[in-house]
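Since every read-out is calculated from the coordinates, none of them should be taken as a lab result. On a predicted model such as this, the values are computed, not experimentally measured, just so you know. Here the Cβ positions follow ideal geometry from the backbone for every residue, glycine too, while neighbour counts run over all protein chains shown.
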Amino acid sequence: MDVEYLCHGVPLADYRLTKADHRRQQEAVQVHEWVQRQLAKAPPWSEERWQGLRQLLGSPTPPWELQRWQLRLYCGHVVEATRNRNSPRPDGGVCDKKRCPECGLDPAVIVAFRPLGPAAEPPTEIRSRKPGHSTRKPPADRRSKAELVAENNALRAELEALRDQA
Ligand SMILES: [Zn+2]
């Protein structure tokens, strides 16, 4: 895969927050609070509905489809996360924030990042698949699919977090 992974705000340990970071964090908190308010009003979901939504999201991405990233979050903690390996950066779409596993800040926007490497080697039957065969798609299509998968993973994580709170 010839994705060129991007860096932002390295070295992560020395990163200083910008005005844009503060604004993004504020927006993320507002959206989060709005969602919480809507959820509080909504009737609780049945187990079947949760199952249905999980099915809709499909199966989780296999590890060899994932790239590992080091992220610096708004709170200053540096954590590791995975994203679909076709994404050149880890903060696209709804993936631009996460719950900080160190201090629990939720949401915490990603303010800086650097790529680490693939999460796993692909199993042999996938590696030995002939290049140029069915796996090759136009870049535009691949890109949008990668984004969809990334958003899908983020939704899944959010879903599980909500499920835990319910
Ligand atoms: Zn933190």
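Taking R0 as 25 Å, what FRET efficiency do you get between L159 and R23 from their Cβ-Cβ distance, rounded to the nearest 0.05? Let's see the in-between values first.
Numbers: r = 27 Å, r/R0 = 1.08.
Using R0 = 25 Å, I get an efficiency of 0.40.
Cα-based Rg of segment 1-113 per 2.2 N^0.38 Å, rounded to two decimals? Intermediate values should be presented prior to the final figure.
Working: Rg = 16.3 Å, N = 113, 2.2 N^0.38 = 13.3 Å.
Here the Cα radius of gyration is 1.23 times the empirical estimate.
Counting other beta carbons within 10 Å of each Cβ, put D106, D91, D2, D14 in order, fewest first. Display every interim value, and only then the final one.
Numbers: D106 14, D91 22, D2 4, D14 9.
Taking fewest neighbouring Cβ atoms as first place, the list is D2, D14, D106, D91.
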Practice item. Would you kindly calculate the mean projected area, averaged across all directions, of the convex hull enclosing the Cα atoms of segment 53-106, in square nanometres? Key: 4.5 nm²
Exercise for review: Treat each spin label as a single point 7 Å out from the Cα along the C-beta direction, and report the D14 to R54 distance in nm.
Suggested key: 4.6 nm
Revision key, fill the gap. Scaled by the rule-of-thumb 2.2 N^0.38 Å, the alpha carbon Rg for segment 1-47 gives a ratio of 1.89
Practice item. Starting from the Cα of H77, step 7 Å toward the Cβ, then list every residue of segment 96-111 with an amide N under 11 Å from that point. Key: 98-106, 108
